[in-house]
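The values are calculated or read from the model by the stated rules, or taken from the named source; none is laboratory data. This is a predicted model, so every value here is computed, not measured. As a convention, Cβ positions derive from the backbone with ideal geometry for all residues, glycine included, and neighbour counts pool all protein chains shown. Only protein heavy atoms, including side chains, enter the accessible area calculation; ligands, DNA and RNA are left aside. Shrake-Rupley method; radii C 1.70, N 1.55, O 1.52, S 1.80 Å.
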Amino acid sequence: MSTPAENEASIKQESGPSGTVQDKPKKIVVRTGDGEVFELKEEVAMEMETIKTFFMEDNISYETVMPLTNVDSWELVKVIEYCSKYVELKNKENFHKELKAFQDEFVKSMSPKTLLSLSNVANYLEIKYFLDFICQAIADHIKSKDVEYVRELFGVENDFTEEEYEMAKTEAPWAHENLDKDLY
Amino acid sequence: MEQGFYPKRCTSISLAETIASIEQVLTEILVRVPAKPLVRFKCVSKHWLSLISDPKFGHRHTLQNPNPPVSAVFCEKSNRRFCFIPIDFDHMCGAPSTSINTSNHEIQNPYPTGSPPFNPLKFAQNQYHADIQVIQSCNGLFLCRLLYSPNDPPYFIFNPTTNQFSTLIPPATGERVQPSVISIALAFDPSKSPHYKVVCLRTIDGSKDGTIYHIVIYSSETQSWRILDSSFKRVSSILYSRVLYWNGAINWLGMFNEVAYFHVDEERDGFVRLPPHLYDRVTESTKYRYFLESGGGHQLHLIDIFEHSVAKFEVLEMGKDYSGWFVKYLVDLDPICRRLNPTERYVVLFIDQDKNEEEESSSLLLHSPGKLISYNLKCGTYKSFELTPKAGVKDHLLRVEPSNFQYKESLASV
């Protein structure tokens, strides 16, 4: 496993004294909670407010490896995938149409629980459009599901007594009809 | 590899911050869930119950979901019973018909459970132990009147989705004479504000037929009434019972299709006259007249169905600047009318703005005994859906009255 010192050294070599920095796109290096190190393109990294603030606020050099302790490597892979695509499509003519197609594929490739994990990551990294997208995808998924399913998915305990639950349910029994019969 | 919504490992961020951040994400998810599932999710846990029931959450949800689809239609029957027609295209099977000769396919029962559709207005009726009359529905909220109940306050606002209601008592004038209410109307635009206003027109001299009226306005934000200084002249041809909220104003329809309106925020009134050459047409015997706001309050429509031509009619739309009625659609319901028995009729429910990605198409929703029909206003094709009876309930056979109200699910506070 590489140490911060080694990382900094390898980066220093890239931006050498011969001044070839401007030819290479700038990279930002982060380390996830499970110890993996990622090199991000600057334009992608700057989509994440948390990273942007970290470097911009105190003018920290890009040679520093930013720790992202709350993010797992697989989560960061997914985030990078989405943000890179978003940046790529941003200025295109068919932006909305192509983004929608990409979004549909993106959601299909993941289970509901992984979407939930990503929602927390999106919030932590402060990527507004990604958070909006993930939350909408989760909302669309759960709107036709019953109470049991939602509890399982979110890992929530039922702290109602039998009576309390029945009372809450009878307030609007029509809301509990016509649901998907999915088991989680 | 997968971890749950609530992370199990300790991080460098404090526990309180983590909890706050999860709460924030949960709120972001739930605010995007429609109202009906949210009512159901109140049963998930006490925490979810408290989150969803929080008025601040309700306000935010209302603002972010200003235009929910129409999920049912209420209409009043004789004996003060309410007919409740659920509109649930996802769970209904339909037979698309594009030409006159298409046969009706066998439709499966879309409601496999045997229970009858629950009527949300029942809650209000049970609450008051009195008959209620719906005056107006506006974006999820209902303005209702209590009948034959002199000791209770006469009006109330009701949200059938949350079972919340709020009584309205128009203020006394301090004079000897009791003001007489000509009209009362609800103004609620969830795309602008989670609060609503109620506008009440009353005669000053105490008589029902008084020609001068004044206006009192209730604001749910301040929970108080204001009496406007100016007085207004009553227009005799205006039917103050036909009222709709559209374009930021309360609109009343007149006998000759003129429109009187009162812009609620700007507190000014206006009048739209019918061009003289159209007066002749209107005095023809109208069998039914529908005054509708559609597409989430974006358009105001008028439909006159004449005795001599029940299957063909025009849909008129009001210009946004009150420039007058113009013909927006021509409708030919001949194939539908042919299928009706002599004693049956169709009733217009509402106009639905269907926003597909590619194009916007509007459909006219109709009810005929046992069926819901969606008529595409652009191309004239239609789809009909069977309303399968639930055990012991003959709702689908009930005749829907032309005076009907849209029910939209909303978490709006009353």
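Working note: Karplus 6.51/-1.76/1.60 with θ = phi - 60° gives region B:373-387 the couplings 10, 10, 9, 6, 6, 7, 10, x, 7, 9, 10, 10, 10, 6, 9 Hz, where Gly and Pro are set to x. Sparsely packed loop sites in region A:51-160 (the chymotrypsin sites (Phe, Trp or Tyr not before Pro) outside DSSP H, G, I, E and B with at most 16 other Cβ atoms within 10 Å) comprise A:Tyr62. Computed from the Cβ-Cβ distance with R0 of 41 Å, the FRET efficiency linking B:Ser323 to A:Glu42 stands at 0.15. For B:Thr381, the residues whose amide H sits under 5 Å from its own are B:Asn376, ignoring neighbours fewer than 5 places away on the same chain, with H placed 1.01 Å from N. Each residue of region B:148-157 is assigned a 3J(HN,Hα), and the resulting list reads 6, 9, x, 7, 8, x, x, 10, 8, 9 Hz, derived from the Karplus form 6.51 cos²θ - 1.76 cosθ + 1.60 (θ = phi - 60°), x at Gly and Pro.
In region A:71-184, what percent of the accessible surface is made up of carbon and sulfur (1.4 Å probe, ligands and nucleic acids excluded)?
Roughly 51 percent, rounded to a whole number.
Counted residue by residue at 0.36 nm each, then reduced by the alpha carbon distance between them, the extension gain from B:Asn163 to B:Arg338 reaches 58.9 nm. The modelled label-to-label distance between B:Phe306 and A:Glu163, using points 7 Å beyond Cα along the C-beta direction, is 6.6 nm. A crude spin-label estimate for the pair A:Asp58 and B:Glu23, with each label 7 Å from Cα along the Cβ direction, gives 2.8 nm.
Using a cut-off of 14 Å between beta-carbons, work out the net charge of the residues near B:Asn247 (Lys and Arg +1, Asp and Glu -1, B:Asn247 not included). Its environment carries a net charge of -4. Legend: residues in region A:115-134 shielded by at least 40 square angstrom of accessible surface upon adding the remaining protein chains to the isolated chain (1.4 Å probe, heavy atoms) are A:Asn120, A:Asn123. Using the Cβ-Cβ distance between A:Glu93 and A:Lys181 with R0 set to 56 Å, the FRET efficiency works out to roughly 0.85.
Region B:284-320 and region B:48-74 have Cα centres separated by 30 Å. Measuring from centroid to centroid over Cα atoms, what is the spacing of region B:211-282 and region A:110-184 in Å? Rounded to whole Å, the Cα centres lie 45 Å apart. For the pair A:Trp74 and B:Gln125, label points projected 7 Å from Cα toward Cβ lie 5.4 nm apart. Here the 3J(HN,Hα) profile of region B:235-250, calculated from phi with Karplus coefficients 6.51, -1.76 and 1.60 at θ = phi - 60°, is 9, 5, 7, 7, 8, 5, 7, 8, 10, 9, 9, 7, 6, x, 10, 7 Hz, Gly and Pro shown as x.
Taking both sides together, what accessible area is buried at the A/B interface, probe 1.4 Å, expressed in Å² and rounded to the nearest 100? Walk me through the numbers before you get to the answer.
Working: alone 12020 and 21650 Å², together 29700 Å².
Its buried surface, counting both partners, is about 4000 Å².
When Lys and Arg each count +1 and Asp and Glu each count -1, what net charge do the other residues less than 14 Å away from B:Asp209, Cβ to Cβ, add up to? Kindly include the intermediate steps, with their values, before the conclusion.
Numbers: positive: B:Arg202, B:Lys208, B:Lys233, B:Arg234; negative: B:Asp205.
Combined, the nearby Lys, Arg, Asp and Glu give +3.
Which shape class applies to region A:137-184: rounded if a/c is under 1.5, otherwise prolate when a/b exceeds b/c and oblate if not, where a ≥ b ≥ c are the square roots of the Cα gyration tensor eigenvalues? The shape class here is oblate.
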